[in-house]
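Notes follow the structure.
The values are calculated or read from the model by the stated rules, or taken from the named source; none is laboratory data. Predicted model, so just to flag it, every value in this text is computed and none were measured. Neighbour counts are summed over all protein chains in view; Cβ atoms, including those assigned to glycine, are modelled from backbone coordinates with ideal geometry. Just so you know, the surface numbers come from the protein's heavy atoms only, side chains and all, with ligands and any DNA or RNA stripped out. Shrake-Rupley method; radii C 1.70, N 1.55, O 1.52, S 1.80 Å.
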Amino acid sequence: MHTGINNTFLYSACKISCTFSNGSNSINTRGTGFFINKGSIPYLITNRHVVDFDYYKGHNTGYQLSRLLVDNRHFDPATQLPTDIVTFELHDLDKIVFSQERKNDIACLYYLNNIELLPHKDGKAQKCEVAFHIPYDLLATENDFLTKLNVCDFIGFSGYPNAHDVRNNNPIFRMGSIASDPRTNYSFCEDFVGDIVAYDGLSSGGASGSPVFSLQKGFEIGGGLIKTSENFYRRALCVGINAGHVKEGQREVMLGGYCVPITGLHSGISYFYKSTEIIKIIDEICPKEYPGHITF
């Protein structure tokens, strides 16, 4: 099976550690994020609920984001193998933008100048660069969702759920298949809306913010007399950002105007927000004059 996915896709996910404080108490959380490279400008993408403590709460709890760490992998160009982990601490925590539609659980950190590289345990010199990033042109467009993606297409997502590789501090890759019509927006209760696709697969805590990839379909045949049908081949694409899962018996659960996971077992259905919304954030909201100190 030609998936179009290799080991480098695994490391496109980076671990995000957040500290929220209300002045007297602190809460530590973990999620996943990934870098998008457009014209050598870095954009760090994650879920809004990873960096906005009140997003699912519907009211102000008093907890504000006070610290954000990103674990980022380097790699050896000679062997193409991942090497050391470099941890960024981002200090401009007000330089975060969200989707213009609150219903879309997406955040983008765009002003990546004020960065501190935390000391490496073995004292090695560190470089502020991102090796495993996702090119902007790999993001699935509106036309891709309308004409190239179908139910039962296989998807995979890389992230840091509780079951990630703790010893090596590595993400893990999970698989699933598109369960809802990708041309429309999925909703598991009347008030839970957004630019969402459901998939048959197991998302769990810590995997929020994982990049979701559609696997390659078919293979390219060029030249000669052999020709394939128009939709025989589709390259692997980044189709969105993983956000959560539906729980059994959740349909009637409401909180802050949203249906959110509270009780019940995993239904086997998870969901991601479409890459078209990531494109909108980068193209329409983020300023273009800040290349940042992170390099690709």
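A compact table of results
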quantity: Charge-dipole axis of the stretch 103-197 as Lys and Arg at +1 and Asp and Glu at -1 on Cβ define it, positive-most pick from Ser180, Tyr111, Asn150; calculated: Tyr111
quantity: With all protein chains modelled, accessible area of His59 [1.4 Å, Å²]; calculated: 110 Å²
quantity: For the stretch 23-143, convex hull of alpha carbons as volume per residue, Å³; calculated: 146 Å³
quantity: Label-point separation in nm, Ile115 to Leu265, each point 7 Å along Cα→Cβ; calculated: 4.4 nm
quantity: For the stretch 189-200, 3J(HN,Hα) per residue [Karplus equation, 6.51 cos²θ - 1.76 cosθ + 1.60, θ = phi - 60°, Hz, x = Gly/Pro]; calculated: 8, 4, 9, 9, 10, x, 7, 10, 10, 8, 9, 7
quantity: Angstrom value of the Kirkwood radius, inverse mean 1/r, which spans all Cα pairs in the stretch 99-196; calculated: 17.6 Å
quantity: Hits among aspartates and glutamates - C-alpha to C-alpha of Lys103 under 15 Å, sequence gap 8 or more where chains match; calculated: Asp52, Asp54, Glu190, Asp191, Asp195, Glu277
quantity: Electrostatic dipole magnitude of the stretch 61-116 [Cβ: Lys, Arg +1; Asp, Glu -1; Cα centre; debye, to 20]; calculated: 240 debye
quantity: Exposure rank, largest accessible area first [Lys38, Lys15; 1.4 Å]; calculated: Lys38, Lys15
quantity: Rough spin-label spacing in nm, given labels placed 7 Å along Cα→Cβ, for Asn25 and Phe173; calculated: 4.1 nm
